[in-house]
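Undergrad: The structure is given below, and queries will be raised subsequently.
The values are calculated or read from the model by the stated rules, or taken from the named source; none is laboratory data. All figures in this text were calculated on a predicted structure; none of them were measured in a lab. For neighbour counting, all protein chains shown are included, and Cβ atoms are generated from backbone atoms with ideal geometry for every residue, glycine included.
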Amino acid sequence: MAQENGKIFAIGDIHGVYGKLRDLLDRLPYSPGRDRLVFLGDYLDRGPDSARVLDLLCEVKRRDPDTIALLGNHEYLLLEYYRSGDPILLPYLRSMGLDATLHSYGLSNGFNLRTLDFLPQEHLTFLQNLLPYWESSHYIFVHAGLEPGIPLAANDLPTLCEARETFLTLDHDFGKKVIFGHTSFELPLVTPTKIGIDTGAMHDNLLTAIQLPDEIFFHA
């Protein structure tokens with residue numbers, strides 16, 4: 001179990017970029033059982049290796065069950081389609097790079113997206129167990145953002161997974177510093193109340209991690 005005085009390492013949006021994830025994990029001075037890993041969501045789509053990314057994340061989770069993996073908007077919408085079968089979601093999924101995920105599983109046709117039966121059971125279970133947010137003693141970790149002025153637990157999934165303008169522009173104090181992804185920056189966004197660590201790994205930029213509480217950044 002991660003120790004109270006251990007470090008927290010949070011990792012931003014991966015989007016199927018396996019090589020950078022592997023390299024970044026190798027660079028982190030992280031010790032299972034002492035420190036904690038937090039993944040901020042968006043593991044799938046756009047990049048070429050979503051299947052390998054999920055393989056690696058499942059391996060990390062097996063090795064260190066204290067690892068926290070959050071729900072990103074890409075996983076949220078895919079699971080929402082799996083739950084509801086609402087055809088209006090399909091154009092959104094395609095526009096978000098789902099074809100790259102399907103190709104990473106060796107698929108071009110003849111699959112049933114509605115059942116997600118192209119996913120190995122371990123991958124589907126991993127996705128279904130993603131958390132909407134995670135809170136430590138001093139930080140709130142979320143994929144996209146929070147709505148100001150309401151309790152943390154009252155934020156709905158669309159806000160947690162898709163918030164952008166209001167969360168980014170308001171200098172609101174949520175009581176703890178918020179660590180988030182979703183909105184891509186060339187370099188990490190650092191303010192007194194929040195830190196954004198999506199640095200556009202899928203756009204030939206960096207994959208970023210932050211070590212807390214030291215606020216030391218690592219890149220691959």
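Undergrad: Restricting the range 20-45 to residues that are free of Cβ contacts under 8 Å to residues at least 60 places away in the same chain and of a type in the set (G, A, S), which is farthest from L189 (Cα to Cα)?
TA: That would be G33.
Undergrad: Let me ask another. Using the structure shown, decide if T159 is touching a Lys or Arg at 6+ places or on another chain (Cβ under 8 Å), under 15 Å from N73 (Cβ atoms) and not hydrophobic (A, V, I, L, M, F, W, C).
TA: no
Undergrad: Moving on. Tell me the residue from L131, L189, L124, L160 that is at pLDDT 95 or above, crowded, with 20+ Cβ neighbours inside 10 Å and under 26 Å from V53 (Cβ atoms), please.
TA: Working: L131 fails: crowded, with 20+ Cβ neighbours inside 10 Å; L189 fails: crowded, with 20+ Cβ neighbours inside 10 Å; L124 fails: crowded, with 20+ Cβ neighbours inside 10 Å.
Checking each option against the conditions leaves just L160.
Undergrad: Separate question: Considering only residues of the range 31-46 that are crowded, with 19+ Cβ neighbours inside 10 Å and either among the acidic types (D, E) or over 23 Å from A163 (Cβ atoms) (or both), which is farthest from the chain's Cα centre (by Cα)?
TA: Ranking the qualifying residues of the range 31-46, first place goes to D35.
Undergrad: If you go through the range 61-73, how many residues are part of a helix (DSSP H, G or I), surrounded by 17 or more Cβ atoms within 10 Å (Cβ to Cβ) and out of contact with any Gly (no Cβ under 8 Å at 6 or more places or on another chain)?
TA: 1
Undergrad: Can you tell me which of (1) touching a residue at least 40 places away in the same chain (Cβ under 8 Å); (2) of a type outside the set (S, T, Y); (3) closer than 24 Å to H74 by Cα is the one I195 doesn't meet?
TA: Going through (1) touching a residue at least 40 places away in the same chain (Cβ under 8 Å); (2) of a type outside the set (S, T, Y); (3) closer than 24 Å to H74 by Cα one by one, I195 breaks only (1).
Undergrad: Can you find, within the range 163-186, the residue that is modelled with the lowest pLDDT among those that are part of a loop (DSSP other than H, G, I, E, B), surrounded by fewer than 21 Cβ atoms within 10 Å (Cβ to Cβ) and not charged (D, E, K, R)?
TA: Ranking the candidates gives L170 first.
Listed here are the residues, each with its yes/no results for (1) free of Cβ contacts under 8 Å to residues at least 40 places away in the same chain; (2) charged (D, E, K, R); (3) assigned to a loop (DSSP other than H, G, I, E, B).
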residue	(1), (2), (3)
E75	no, yes, no
Y82	yes, no, no
L90	yes, no, no
L93	yes, no, no
T101	no, no, no
N112	yes, no, yes
E122	no, yes, no
W134	no, no, no
A144	no, no, yes
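Undergrad: Also, quick follow-up: Please work out if A209 is within 18 Å of L37 (Cβ to Cβ), surrounded by 13 or more Cβ atoms within 10 Å (Cβ to Cβ) and in contact with a helix residue (DSSP H, G or I) (Cβ under 8 Å, 6 or more places away or on another chain).
TA: Yes; evaluated as a whole, the condition is true for this residue.
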